[in-house]
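A quick write-up on the structure given underneath.
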Amino acid sequence: MGMFEEFVVKAKNAAGVVGEKAGYFVDVSKININIAEENNELKKKYQELGKLVYDSEKSGTSDAIKVENYIKQIDDINEKICKLKSEVASLKKKLVCCSCGNQNDSDSKYCCKCGKELAVKCEVISNSNSLENQEQGDTNNKIN
Ligand SMILES: [Zn+2]
């Protein structure tokens with residue numbers, strides 16, 4: 001087989017199956033980058049919270065509102081990470097348990113770790129739109 005013929009065969013393959021796979025990998029790696037960023041942010045918040053508690057304990061001026069604020073921010077980040085992980089899992093055809101975060105096979109009805117019924121809500125997370133919808137609230141928002 002000559003170099004040119006070989007190239008044509010490769011190009012044909014690339015245009016078909018490989019092209020589809022590339023999109024999948026781009027999505028997953030993009031979300032994984034987001035997860036890494038959120039994890040960094042989480043680490044930073046923990047550090048800041050630790051310093052705040054240290055300072056306030058040392059000076060005897062504890063600020064419960066500030067601490068509560070940090071806890072809320074940390075919870076928000078954790079929730080974001082959970083959603084992003086669900087997205088990755090659904091791209092990989094896995095079902096993430098909303099209760100314990102365990103990844104189950106896509107045809108599972110119940111979580112194999114905690115036994116909780118796997119909600120449909122977890123199952124349909126497949127693109128960025130559904131993520132935005134969830135953040136807007138639990139009403140059935142429709143994009144017009
Ligand atoms: Zn579970």
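Assess whether Ile77 counts as being over 15 Å from the mean Cα position of the chain (by Cα) and under 22 Å from Asn39 (Cβ atoms). Please lay out each step first, then the result.
Working: over 15 Å from the mean Cα position of the chain (by Cα): no; under 22 Å from Asn39 (Cβ atoms): yes.
Taking the combined requirement at face value, the residue does not satisfy it.
Of all residues in the stretch 58-104, which are at pLDDT below 85, within 16 Å of the ligand (Cβ to nearest atom) and more than 24 Å from Lys30 (Cβ to Cβ)?
Within the stretch 58-104, Ser99 is the sole residue that qualifies.
Mind counting the residues in the stretch 108-137 that are of a type in the set (D, E, K, R), loosely packed, with under 13 Cβ neighbours inside 10 Å and either more than 16 Å from the ligand (Cβ to nearest atom) or modelled with pLDDT under 75 (or both)?
3
The values are calculated or read from the model by the stated rules, or taken from the named source; none is laboratory data. Only a predicted model underlies this, so the values are computations on that prediction, with no experimental measurement involved. Positions of Cβ are generated from backbone atoms using ideal geometry, with glycine treated the same way; all protein chains shown enter the neighbour counts.
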